[in-house]
Amino acid sequence: MKKSLHQFSLRYLIADAAPLSRRERWSSALAGFLGMLLMQAVLTVVPAGPGLSYLLAPLGASAVILFALPHSPLAQPWSLIGGLLISAIIGALCGTWIQPAFLAVAVALGLAIWVTARLRCIHPPGGAMAVVFALAAQQHPVSLLTAGLNVLAALVAVLVINNLLPGRRYPQCIPAANSPKKAHPPRSSIRHEDLQHALEKLDTYLDVSEDDLVRIYDLATAHAHQRHDKRCSADIMSSEVLSVEFGTELNEAWALMKAHHLHGLPVVDAGQRVIGVLTMENFLRHVHADPGQGIGDNIRRLLRPTPSAYSDKPEVVGQIMSQRLVLAKTDTPVSEIVGLLTANEHPAILPVIDQRQRLVGVLTQTDLLAAIYQRRAAAAARV
């Protein structure tokens, strides 16, 4: 009987959501505490007439969403502003025009849901705001200016608090169409329209942003790969590593890359610690384009050492290498290497370091493809 009750509770009563970590619970509680103090401070100092600037109860529910779920679509500025103000207006109108009170409240709530859903500004406390203003209109009218001041106070509080606490960002901006997007590991060509199609098929409001959906998918995929493939960087990397130093001349580094058909080289210091990466792209970025000469002549001019002490062009590797490093460790799982190579600004090469931060190998896309092929071949052999 006890087991049956437990299963019933898990299936029907308890939300199927991962629990918050202790750090996030404390962060949310602190944000709510500070946010509510700041909201009341704003309402105290704002210049308004007597009896207008006071805290409305629905803002307590809004604070839970704003500070415990700051990345939720329900917590974004338009949801907060539109969801509360539109609901307040609808509630006030219904309370004024519709009798009796129970019917006015029901109509106000239904209209508030429909309108905010249509305007894409659903904010659950807006339902409470509609009810409050519908009832108040027939008993003790509340000014719509009070609702506006409450929204202003909430907006100020959430912008300040959620951007001060570490690990939070508000609002959750959607990147512009022409802005560079954060690199994600390949995910079987899933695009924005695919996610939109899936959400339309569900035909319900999902309280998660598209960015969060993508991140959930990426993390789940990486975890699934890790369950099936226990290998790490040390198992698939190329351990015979060629490298150059900061002071290596450009012509020497170029000759090394051409002789061994390499797309990139790690740059190390005297202690074999990686300080940069050199790729063909680095050379091409510093080629001075002379319209009167071909690309080959321009490259040779870059590589040719300058005999004098003064030079108007780069002479050594350290002057052209990429210093924004993405490194793998010897125990980095294969499932994470895909993301590292994709996030890397020079994806042709991924240096691998040991526990002492020293270079012990490199990973390339070829190494990764070979590892994937070996895994599939082994799986096929077992069938």
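The values are calculated or read from the model by the stated rules, or taken from the named source; none is laboratory data. Because the structure is predicted, anything quoted here is derived from the model rather than measured. All Cβ positions, even for glycine, are placed from backbone atoms using ideal geometry, and neighbour counts span all protein chains on display.
The selection criterion, being farther than 18 Å from SER62 by Cβ, in contact with a helix residue (DSSP H, G or I) (Cβ under 9 Å, 6 or more places away or on another chain) and in the same structural domain as SER62 (by TED's automatic domain parsing), does not hold for GLY127. When the residues of segment 244-297 are filtered to those that are in contact with a Lys or Arg (Cβ under 9 Å, 6 or more places away or on another chain) and of a type in the set (S, T, N, Q), the one that is farthest from GLN319 (Cα to Cα) is GLN293. When PRO175, PRO166 are checked against the criterion of being farther than 30 Å from ILE98 by Cα and at pLDDT 75 or above, PRO166 stands alone in meeting it.
How many residues are in a loop (DSSP other than H, G, I, E, B) and surrounded by 20 or more Cβ atoms within 10 Å (Cβ to Cβ) when one looks only at segment 67-105? If you could, list the steps in order and put the result at the bottom.
Initially, segment 67-105 is screened for residues in a loop (DSSP other than H, G, I, E, B), giving 69-72, 76, 98-100.
Applying the additional criterion that residues be surrounded by 20 or more Cβ atoms within 10 Å (Cβ to Cβ) yields 70, 76.
Result for segment 67-105: 2.
The residues of segment 106-137 that are hydrophobic (A, V, I, L, M, F, W, C), assigned to a helix (DSSP H, G or I) and over 17 Å from GLY148 (Cα atoms), listed by number, are ALA106, VAL107, ALA108, LEU109, LEU111, ILE113, TRP114, VAL115, ALA117, LEU135. If you go through segment 237-273 and keep only what is surrounded by 14 or more Cβ atoms within 10 Å (Cβ to Cβ), modelled with pLDDT under 90 and of a type in the set (S, T, N, Q), you end up with just SER238.
Mind listing whichever residues of segment 44-61 are assigned to a loop (DSSP other than H, G, I, E, B) and either closer than 18 Å to GLY82 by Cα or not aromatic (Phe, Trp, Tyr) (or both)? The answer is VAL46, PRO47, ALA48, GLY49, PRO50, GLY51, LEU52, SER53, LEU55, LEU56, ALA57. Has segment 300-317 got at least one residue that is at pLDDT 90 or above, of a type in the set (D, E, K, R) and under 22 Å from ILE236 (Cα atoms)? Within segment 300-317, none of the residues are at pLDDT 90 or above, of a type in the set (D, E, K, R) and under 22 Å from ILE236 (Cα atoms).
Among the conditions (1) out of contact with any Cys (no Cβ under 7 Å at 6 or more places or on another chain); (2) in contact (Cβ under 8 Å) with a residue 12 or more places away in the chain, GLN293 misses just one, which is (2).
Let's see how each residue does on (1) under 14 Å from ASP235 (Cα atoms); (2) not assigned by TED's automatic domain parsing to the domain that holds GLY264; (3) not hydrophobic (A, V, I, L, M, F, W, C):
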{"residue": "GLY292", "(1), (2), (3)": "no, no, yes"}
{"residue": "LEU340", "(1), (2), (3)": "no, no, no"}
{"residue": "VAL362", "(1), (2), (3)": "yes, no, no"}
{"residue": "ARG376", "(1), (2), (3)": "no, no, yes"}
